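Inspection log for the structure reproduced underneath, given as structure tokens.
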Amino acid sequence: DLYKKLKGDVERGDRIRASLSQGQKEYDAFYKSDFLGAQDGYSSIETDLTDLAAKSGLRTSSIEFTQKDVKGRGVTDIGITETVEGTYQSIVQFINGLERSKYFYLLKDLKLDSAQTGQGPGSGALRLHLELHTYFRT
């Protein structure tokens, strides 16, 4: 009886160990495929955000980056603030593009207000301020 219980515990431990190694493999694949290296990360992210805005019919007025090292994790946290202007429909399309991007973005905050476009009242122009985060491999 004791032998069977111990053998069952060992088999259960082996299954747990196997599933953990599979989880590690998935983490490694995610880390390598979804996190850019810092050497080309900034230009890739800026190009992606600018292209997403243009495809959505938005005008980008600013993109700024901040960086913060995350100790012991092998990544650098990149804060991104971006301001875009356009119609409500274009803004929705842009946010949808962020979700579908090949790059990894976390949306931290967004603020929407009216934009002064010089096109007169009723033009429907809006300004969107975004705070995003992504991570670069270190």
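Any read-out appearing in this document is the output of simple, stated calculations on the displayed coordinates, not a laboratory observation. Just so we're clear, the structure is a prediction, and the values are computed from it rather than from any experiment. Here the Cβ positions follow ideal geometry from the backbone for every residue, glycine too, while neighbour counts run over all protein chains shown.
Descriptive notes on the structure:
- Trypsin sites (Lys or Arg not before Pro) lying in DSSP loop within region 59-121, provided at most 11 other Cβ fall within 10 Å: 71, 73, 102
- In a fully extended conformation the segment linking residue 3 and residue 68 would gain 18.1 nm over its present Cα-Cα distance, using 0.36 nm per residue.
- A simple spin-label model places pseudo-atoms 7 Å from Cα toward Cβ; at residue 12 and residue 137 they are separated by 3.8 nm.
- Neighbourhood net charge (10 Å Cβ-Cβ; Lys/Arg +1, Asp/Glu -1) for residue 63: -3
- The alpha carbon gyration tensor of region 53-103 gives principal lengths a ≥ b ≥ c with a/c of 1.5 or higher and a/b greater than b/c, which makes the shape prolate.
- Cross-link pairs 4/25; 71/111; 32/68 - those with Cα-Cα distance over 28 Å: 4/25; 71/111
- Summed side-chain charge close to residue 108 - residues other than residue 108 whose Cβ falls under 14 Å, Lys, Arg +1, Asp, Glu -1: -3
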